[in-house]
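One structure below.
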Amino acid sequence: MSKVVQKGEITRVNIKDIEPKAFFRQYRKTGYPVIITGAFDGVSEWSVEHLAPWLQGNEYMVREFGGNRNIAKHSWTAYSQLYAMKFEDYVGALNSGEASLNDIYMSQVVLDKENGLFDSISANIKHFSNTCGFTKRMWQNINCHLWLGPIGHIEPLHSDEGDSTLCQLYGSKKVTLFPSRYHNNLYPFPFFSQIEPWVCRVDINEPDFAKYPHAVEAMAEKVEFILNEKEILFIPAQWCHQISIIDKAYACSVSIMWDIPFARNFISRRTLVWYLLRITSGRFKNWIYDGYYRIAELLK
Ligand SMILES: O=C(O)CCC(=O)C(=O)O
């Protein structure tokens, strides 16, 4: 397996060349991103025609970002508008251009283990997860998420609680990543604000260094690349990422969130908070979330 990369670059490693212990040492233990190739060779493109037999007739949540387009992030009052749409209506919106015009993204659709669509790639997922040592889902009740959206959509800069593997199954995406140690330099929304605390305020396309001076250091460390069809991107927890759909009329991906190696729960105050929440038992956790949203509401 190849050595870890130069600053600003991403390594591609073919699944055939991955040795599980070396993968763990180089990427998972340290929390370093990498692209895995070859894991979806021979799999059909996940075009809307391919998805339709499994998804049509069902409603899924979509996020509409259009209203936020020309507003600086610190002034956002919501991440997006959220509402349900039938799969076939969403495809209609992709075809008519409405999804692009209003920046509507079918996001984080949960595909159950029993879902035939997931079944069609479950052997590929099992193979790459076993090979790379991704053994435990972060949330046992969530199998994977599907993302379907129009060219031009930019998924705003944010970080995730777990180690994510983003499988690119139709079209390609431009990805910008920032090492986890620069998380605070990207000014995540504070706890108890109107926007979730995993979203960052810095606009990396036009950073306002007067308002966010520490973003300078983060911008110098960004890693930017194209994630091609059939590739898998490993995004370690707390690496902030912005993802844009850049070719074909739309793109489709599946992401799976994995538990992180124990020691990485302690790399920052935020990871510790997420860890403590995860190990808190259901009843107390509900009280904490309830309290959290009440306080956030009061502070509005
Ligand atoms: O692919 C996308 O548009 C977003 C995926 C993402 O942000 C994630 O998996 O955390």
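Observations
- Subset of the range 245-256 (residues that are more than 8 Å from the ligand (Cβ to nearest atom) and either part of a strand (DSSP E or B) or crowded, with 23+ Cβ neighbours inside 10 Å (or both)): 250, 252, 254, 256
- The single condition from (1) in a helix (DSSP H, G or I); (2) within 15 Å of the ligand (Cβ to nearest atom) that residue 123 fails is (2).
- Set side by side, the residues 260, 295, 279 differ, and just one is among the hydrophobic types (A, V, I, L, M, F, W, C) and surrounded by 16 or more Cβ atoms within 10 Å (Cβ to Cβ), which is 260.
- Exactly one residue out of 178, 225 is surrounded by fewer than 22 Cβ atoms within 10 Å (Cβ to Cβ), farther than 22 Å from residue 50 by Cβ and not acidic (Asp, Glu), and it is 225.
- Conditions (1) in contact with a Ser or Thr (Cβ under 9 Å, 6 or more places away or on another chain); (2) basic (Lys, Arg); (3) modelled with pLDDT under 95; number of the one not met by residue 294: (1)
- Filtered residues of the range 162-206 (kept if under 17 Å from the mean Cα position of the chain (by Cα), modelled with pLDDT of 95 or more and among the hydrophobic types (A, V, I, L, M, F, W, C)): 166, 167, 169, 175, 177, 178, 186, 199, 200, 204
- Residue ranges of helices (runs of 4 or more DSSP H) in the range 1-118 with at least 1 members free of Cβ contacts under 8 Å to residues at least 60 places away in the same chain and touching a strand residue (DSSP E or B) at 6+ places or on another chain (Cβ under 7 Å): 87-96, 98-101
- Filter pass, residue 264 being more than 15 Å from the ligand (Cβ to nearest atom) and in contact (Cβ under 8 Å) with a residue 60 or more places away in the chain: yes
- Verdict on residue 209 being in a loop (DSSP other than H, G, I, E, B), among the aromatic types (Phe, Trp, Tyr), modelled with pLDDT under 95 and surrounded by fewer than 20 Cβ atoms within 10 Å (Cβ to Cβ): no
- All positions within the range 225-244 that are assigned to a loop (DSSP other than H, G, I, E, B) and in contact with a strand residue (DSSP E or B) (Cβ under 9 Å, 6 or more places away or on another chain): 228, 229, 230, 231, 236, 237, 239
- Set 189, 128: member being of a type in the set (A, V, I, L, M, F, W, C), surrounded by 19 or more Cβ atoms within 10 Å (Cβ to Cβ) and under 30 Å from residue 17 (Cα atoms): 128
The values are calculated or read from the model by the stated rules, or taken from the named source; none is laboratory data. These figures come from a predicted structure and were not determined experimentally. Positions of Cβ are generated from backbone atoms using ideal geometry, with glycine treated the same way; all protein chains shown enter the neighbour counts.
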